[in-house]
Structures are given as structure tokens and as C-alpha cells.
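J.: Shown below is the structure under consideration.
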There are 2 protein chains.
Amino acid sequence: MGSDAIVGYGTYLELIQDLTIDKEVVSTGMTQEIDRCRKAIDLAAKGKTVAVISGGDPGIYAMAGLVLELLRTWNPGSGIQNPEVEVIPGISALNACASRLGAPLMHDFASISLSDRLTQWETIEKRLDAAAMADFVVALYNPKSKGRAEQIKRARQIILRYRTPETPVGIVKAAMRDNESVIVTDLEHMLEHDIDMQTTVIIGNSKTLTWNKLMITPRGYEKKRQFRNNE
Amino acid sequence: MGSDAIVGYGTYLELIQDLTIDKEVVSTGMTQEIDRCRKAIDLAAKGKTVAVISGGDPGIYAMAGLVLELLRTWNPGSGIQNPEVEVIPGISALNACASRLGAPLMHDFASISLSDRLTQWETIEKRLDAAAMADFVVALYNPKSKGRAEQIKRARQIILRYRTPETPVGIVKAAMRDNESVIVTDLEHMLEHDIDMQTTVIIGNSKTLTWNKLMITPRGYEKKRQFRNNE
């Protein structure tokens, strides 16, 4: 609201167009993250207050890091001050999708992006294996795109090394947007459902159960109540 | 705002007291989570719209799961309908603390609670080891309390099996509240700082760096830019 300029990916700018009237708006395409942040830094160097907007939480797999990475190596020229940066947290896909699925993140969880555009696939596999082995609930960001269909199949296979086919799986597309869809299924059947770039997948731990089409990962209060009854 | 009754822990109710005027308010102590949810369910069964409030995101280590767990085994009696539940996501400590620290969660991360009140310590150790081994950024919830001081020391030792003493560590207390404090330190020195129940600790991965008293976990764009320059 207090910004002079708003910089973002077109789709996200459309979602907030009521807020950008009378502002300088800089819109770039989806894979042009670096250009976008450079433009924001240039505007800020001219003394403007600039908001770089991001889907979800800018601090989780999003734009906050790139802005800081670019500023770190930025050479502003003499007399120009390094702009101050404030990161404003938001509702990441993790938070939004969990809320739509019930309560899958009541216990320790790991967040893993299946995109190997900037990360080696071997690293991603190692993380999938470690997270499954140590019984983390697993949230999968970027599970699948048009050119990238194998990763989600491979992720499922790795998790099945440690968990039963009946393990609950939540598939949430476009959480909290108009075209939202929420599916609760299991490891055996998850690939029968539509998964795309707008989807986040949450895979339960060994104790996650389903009830009333919701996922619940118990925290362990059941045990506590038993203790109490035994007192 | 549309609720008839608000149920919560006293400290959180105080934070929103402007919103609870003219509402029925049910306040309980910190460890009385089960009583709190039972009261909320009883009120809802009488036809009231009830808001159970939670610090952070109710879906991350918080009240959403317990409400659903209790409803699952609840016997409402004849003629009483199971209340509908909507979980409204929020800013968890993970989101808030990351924003204060810069951008530590730009890559895969694991969230681990060090409280062994409801979880066996062996399970927690296994998760710490797996997360450190697979180079996840690690967020530690409930790192320490008055009666529980050893867990954070042990967690640090486990992570040091895989990471250097120079690995950046963020310690955030009371994020986004009046008494907020933000410290960026490293694995070697982290225990010299004040850590308590209101603190969340974020430990970087092998690539996390510090700049300008901020933590940045690179996503890998640096590599992408090199690719581009080589084209």
C-alpha cells in the first residue's frame, strides 16, 4: 500500500489489481525471476519504495532470496545507497494446502521441491529418502509440470520404500483460489489424480489417518490421555 | 469476526482482545489443550459458531489437529450434528522467523519440534540426523523450556556431524511481537544466545550464507546465470 512501484509475475499482479491502481507496475514472465528482481533493485536505487510480490510466502521457495542474492553482489555506483529490504511473510502453499486437507502438519514435516531446474535430481532423491525414512510428513512443491512428469512417480516409489500404500496423501490444486480442488487419497492411488504446476502434494507420516475426507496427523495427545486415565 | 464464542490460551486471547468484545470468551491454561478443544466442541454442538484461536498457523503443531482428533471419536448423542470445521491458515513461526532472518527457507527444509512431551526422543534424534544428513535447512520449534535444556545441545551436536561450525544459525524470539529479538550466529556460537519457549531456531544448509546480518539460502540461480553466460 505504501509502495511507489509493484514488481511481479503477471498472474499474481492480476490477483491484486485493485491494489495496484496509481502505482508503477512492472510485470515479467514466469521464468524471468532475475530480470524482475534487477528491475526492482534499479527502481529502489532511484529512491522508490518497491514491492516485489510473490505467490504464497516470499520467504519459502520464492522471491525474497533472489532479491537478497542480487543485492549482495550488486554494485550500486558511487553515492547510491543499498536499499533496505523488508520481507513480509505470507501463507505458503504448505500452510494453505494443509488447512484445506484438515491437519496433516501437526507433527514434524519436510518440504521438498521436485523441480530439478536449479537442483540436481540426486540431491532431491536423497532428501526424499531421508524424509521418508525418518517418518516426516512430506510436502512436495512443484510436483509436476508439462515437461516434467517423471519426478512425482519416482518420489512416490521412494516413499513407498518406507510407508504402506494406504498412507494418506492430499492433493491440493490452486489452494484458496477460484479453481481450488482438494483430494484426499493414498500412496497407492495418488497418480490417478490430476497433478500440475499449481498443485501441492502432502504425504502423511506412518500415523496420519483420514476422517471425514480430511487428513489428521496425531500429535500424540491420545497417549497423554491414556497416561492420565492410568493415574 | 463471525463467531459467537472464542476459545484459546490466555496469552493469545490478550493479543486479540479488541476482536473479542461482545463474544463469549473461554480461556484455559497452556497445557490444557484437550479441555480447550472439548469446550469448543460442546459450544459448537449447541449450535454456536466457535473460533478456536492458536498462535501462528493452527495447522502447524497447533490446535487444528486436536480439534479434529477429538471430533473423530466424539459421540454427540442423538439429534446432535457433528459440527463443521474450517481451518484458517496463518503465519507459523517458520514463516515469521524466516522473514525476520532474510531468506533462509529458499530451499528444501525440515521442521522438527524438540519437545519430547508427546514424542519419543529417539524419534526426534532420528529426524535431526536424517534432516542434517540430507542437507535440509532445519527449523527447530520448541527448542528449549525451563525444564528442558538438553535437547537443543543434543540437536546441535547431531547437526555438527554433517555441517561445519560456521553454518549460519538464526535465533528468533517472539517474531513480530513487541519483544521480538533476531540473532544471526552460527553452529559454533549458537548456545551462547538466549533460547526459550518463545524462540524458533533456523539452521542453514551447506550453502546458506550470511550477508548484512541476514541469512540467505541460495536457490541455485547463480548456476543458471553461469549457464546463460556460457551459452
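The values are calculated or read from the model by the stated rules, or taken from the named source; none is laboratory data. The structure displayed is predicted, hence computed values, not measured ones. Here Cβ is always computed from backbone atoms with ideal geometry, including for glycine, and neighbour counts include all displayed protein chains. Protein only, heavy atoms only, side chains kept; ligands, DNA and RNA dropped before computing areas. Shrake-Rupley method; radii C 1.70, N 1.55, O 1.52, S 1.80 Å.
J.: Distances from B:Lys146 to the same residue in each other copy, label points 7 Å out along Cα→Cβ, in nm, shortest first?
T.: 6.0
J.: Taking the Cβ of A:Ser3 as the centre, find all other residues whose Cβ is under 12 Å away and add up their charges (Lys, Arg: +1; Asp, Glu: -1).
T.: Its environment carries a net charge of -2.
J.: Shifting gears a bit: Which of the lysines could a cross-linker span from A:Lys23 if the Cα-Cα distance has to be under 29 Å and same-chain partners fewer than 8 positions apart are dropped?
T.: A:Lys39, A:Lys46, A:Lys48
J.: Another question, if that's okay. Cross-link candidates for A:Lys144: which lysines have Cα within less than 17 Å, leaving aside residues fewer than 8 places away along the same chain?
T.: Cα-Cα hits under 17 Å: A:Lys153, A:Lys173.
J.: May I pose another question? Ignoring ligands, DNA and RNA and using a 1.4 Å probe, state the total buried accessible area between A and B in Å², rounded to the nearest 100.
T.: 6300
J.: Binning every alpha carbon pair distance of region A:78-151 at 5 Å from zero, what are the percents per bin?
T.: P(r) over region A:78-151, rounded to whole percents: 3, 13, 18, 18, 16, 13, 7, 5, 4, 3, 1.
J.: In nm, what does the list of distances from B:Asp116 to its counterparts in the other copies look like, shortest first, when each label sits 7 Å along Cα to Cβ?
T.: The projected label point of B:Asp116 is separated from its counterparts by 3.9 nm.
J.: Nm distances between the label at A:Thr31 and the same-position labels in the remaining copies, 7 Å along Cα→Cβ, shortest first?
T.: Here A:Thr31 shows inter-copy label distances of 5.6 nm.
J.: Something else about it: Compare the peptides B:140-152, B:51-63, A:89-101, A:47-59 by average per-residue count of other Cβ atoms within 10 angstrom and give them in order, highest first.
T.: A:89-101, B:51-63, A:47-59, B:140-152
J.: Also: Once the whole set of protein chains is in place, how much accessible area is left on B:Ile6, using a 1.4 Å probe, in Å² to the nearest 10?
T.: In the full protein context, B:Ile6 sits at about 10 Å².
J.: Taking just the alpha-carbon atoms of the protein assembly as shown, what radius of gyration and Dmax come out, in angstrom?
T.: 22.2, 77
J.: If you take the square roots of the eigenvalues of the alpha-carbon gyration tensor of region B:103-221 and sort them as a ≥ b ≥ c, do you get rounded (a/c under 1.5), prolate (a/b over b/c) or oblate?
T.: Judged from the Cα gyration tensor, region B:103-221 comes out oblate (a/c at least 1.5, b/c at or above a/b).
J.: For the modelled label position 7 Å from the Cα of A:Leu15 along Cα-to-Cβ, which residues of region A:96-130 have backbone nitrogen atoms closer than 13 Å?
T.: A:96-97
J.: Now a separate question. How big is the equivalent ellipsoid of region A:165-216 along its three axes, where each semi-axis is √(5λ) from the Cα gyration tensor, reported in whole Å from largest to smallest?
T.: Whole-Å semi-axes of the equivalent ellipsoid: 19, 12, 8.
J.: What is the distance in Å between the Cα centres of region A:2-54 and region A:74-127?
T.: Each part's Cα centre sits 19 Å from the other's.
J.: Okay, moving on. For chain A, report the % of Cα-Cα distances exceeding 24 Å.
T.: Above the 24 Å cut-off, chain A has 52 percent of its Cα pairs.
J.: Hey, could you get me the Stokes-Einstein D for region B:17-124, Kirkwood radius over alpha-carbon pairs, 25 °C and 0.890 mPa s, rounded to whole µm² s⁻¹?
T.: 150
J.: Hey, can you list the residues from region B:75-91 whose accessible area shrinks by 40 Å² or more with all protein chains present, relative to the chain by itself (probe 1.4 Å, no ligands or nucleic acids)?
T.: Output list: B:Val87, B:Pro89, B:Ile91.
J.: As a test, work out the antiparallel percent of DSSP beta bridges whose residues both lie in the protein assembly as shown, rounded to the nearest 5.
T.: Of those bridges, close to 55 percent are antiparallel.
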